[in-house]
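Peer 1: Handing you this structure, nothing more for now.
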Amino acid sequence: MRGVFAGFGKSKAFAVLGRALVPADRVLLRISGGRVGVGAAVGLRTLLLTTVGRRSGAPRQVPLLYVERAGGYVVIGSNWGGEAHPAWSGNLLAQPKATVAIGGRTVEIAGRLLTGDERQEMWDAVASYWPAYDRYAVRAGDREIRVFLLEPVSR
């Protein structure tokens, strides 16, 4: 099913539709503990990231596609190819400690911005999973899309 949506995922129409579905995805993921979301319905791996708002100090939640790599979860701050970085990525830079709800469990993580060869390796892994990211990068223009590794924190 994911393959069917991959081509559509590259379109501007999908970016508009995707943004409209984010609130529903957030609610479904929250009430299911990360088990059920809109993305999962079409075969996409989705987690619910909870960061601390850098200005408000309040919890902020966002559903994100992810790929498991290097013992953690790789997520991309594409903002659907918009000109600005998504707010969650700024929150994670300001306060790297956060949580993810995934598969019915909540995991404490530390977010780490990837750079250089490590960023490129993880970008390639996620873009092979969801090819639309390459299109989002083109639409983002001069903005380098942020790539994070969300690493579980040992208790």
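Peer 1: Could you tell me what percent of the accessible area of segment 43-141 is made up of carbon and sulfur, with a 1.4 Å probe and every protein chain present? Display every interim value, and only then the final one.
Peer 2: Numbers: 2160 of 4550 Å².
Accessible surface attributable to carbon and sulfur in segment 43-141 totals 47 percent.
Peer 1: Next up: For segment 112-135 and segment 60-99, write down the distance between their C-alpha centroids in whole Å.
Peer 2: What the calculation gives is 12 Å, centre to centre.
Peer 1: With the cut-off at 1.5 for a/c, could you classify segment 48-98 from its C-alpha gyration tensor as rounded, prolate or oblate? Show your work: numbers first, answer last.
Peer 2: On the way: a/c = 1.98, a/b = 1.21, b/c = 1.64.
Here segment 48-98 falls in the oblate category.
Peer 1: Taking R0 as 41 Å, what FRET efficiency do you get between Arg105 and Asp134 from their Cβ-Cβ distance, rounded to the nearest 0.05?
Peer 2: Values: r = 31 Å, r/R0 = 0.76.
Calculated value: 0.85.
The values are calculated or read from the model by the stated rules, or taken from the named source; none is laboratory data. Computed from a predicted structure; not experimentally measured. Note that we place each Cβ from the backbone using ideal geometry, even for glycine, and neighbour counts take in every protein chain shown. Heads up: the accessible areas ignore ligands, DNA and RNA and are worked out on the full protein's heavy atoms, side chains in. Shrake-Rupley method; radii C 1.70, N 1.55, O 1.52, S 1.80 Å.
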